[in-house]
Amino acid sequence: MSNDLLFAITFYVLAALVLVSGMGVVVLHNVVHAAVALIACFFFVAWVYLVLNADLLWVAQVLIYAGAIPVLIVFAIMFTRRSMSDTSNADSGNRIWAALVSAAIFGLLLAVLLPTNWFVGKWPGLTGTTQVIGLELVNRYAVPFELVSVLLLAALIGAVILARRDDGS
């Protein structure tokens, strides 16, 4: 079996696992089971990054998305008692609108991703995505990177102000 065939089989099996676990997030009615499916989805996406030799994205996906974000979601679920009760109903009756918006976003993603040139050898001499991303962040994308950091700082300050207790002082 050639390496290209093994790569293709591995990639498509992982892509199918991402799709199945992603559908589990959407379809499962129990919130805890949906959170476990989300962890599985993030984990399989991390393995797709590993297969594609995107080492920085693989590590970030495992640490942040497959580790920290699901824990945050589970804690948020546990602290909202209404969503954990047997009498609560998460169905809002907007399934048709949700399906239409999802289809529109999927179509937009296809319109952007299909004509893209996915040439891998764009930066000759550089090995690994960590070095490529680092050089692009400090060269070409320095200003947008700083703008995003200022935006995140403003959001953090806003969250602190909103979460602060108004005790009259």
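Things to note:
- Here Val62, Val18 are screened, and the one residue that is under 23 Å from Thr130 (Cα atoms) and part of a helix (DSSP H, G or I) is Val62.
- Among (1) basic (Lys, Arg); (2) modelled with pLDDT under 80; (3) in a loop (DSSP other than H, G, I, E, B) - the single one Arg82 does not satisfy: (3)
- In a residue-by-residue description of region 31-47, the property of being part of a helix (DSSP H, G or I), touching a Ser or Thr at 6+ places or on another chain (Cβ under 9 Å) and more than 29 Å from Phe79 (Cα to Cα) applies to at least one position.
- From the list Leu14, Leu38, Leu19, Leu50, the lone residue that is open to solvent by 80 Å² or more (accessible area, probe 1.4 Å) and either within 16 Å of the chain's Cα centre (by Cα) or of a type in the set (Ser, Thr, Tyr) (or both) is Leu19.
- Matching residues, region 85-117, being among the polar types (S, T, N, Q) and at pLDDT 85 or above: Ser102
- Failed item in (1) more than 25 Å from Ile133 (Cβ to Cβ); (2) free of Cβ contacts under 8 Å to residues at least 24 places away in the same chain; (3) open to solvent by less than 80 Å² (accessible area, probe 1.4 Å), with Val32 passing the rest: (2)
- You will find that of Val138, Val148, Val120, Val143, the residue that is modelled with pLDDT of 85 or more, β-branched (Val, Ile, Thr) and open to solvent by 90 Å² or more (accessible area, probe 1.4 Å) is Val143 and no other.
The values are calculated or read from the model by the stated rules, or taken from the named source; none is laboratory data. Source: prediction; values computed, not measured. A quick note on method: Cβ atoms are made from the backbone with ideal geometry, for glycine too, and the neighbour counts reach across all protein chains shown. Ligands, DNA and RNA are stripped out before the accessible areas are found, and what is left, the full protein with its side chains, is counted by its heavy atoms. Shrake-Rupley method; radii C 1.70, N 1.55, O 1.52, S 1.80 Å.
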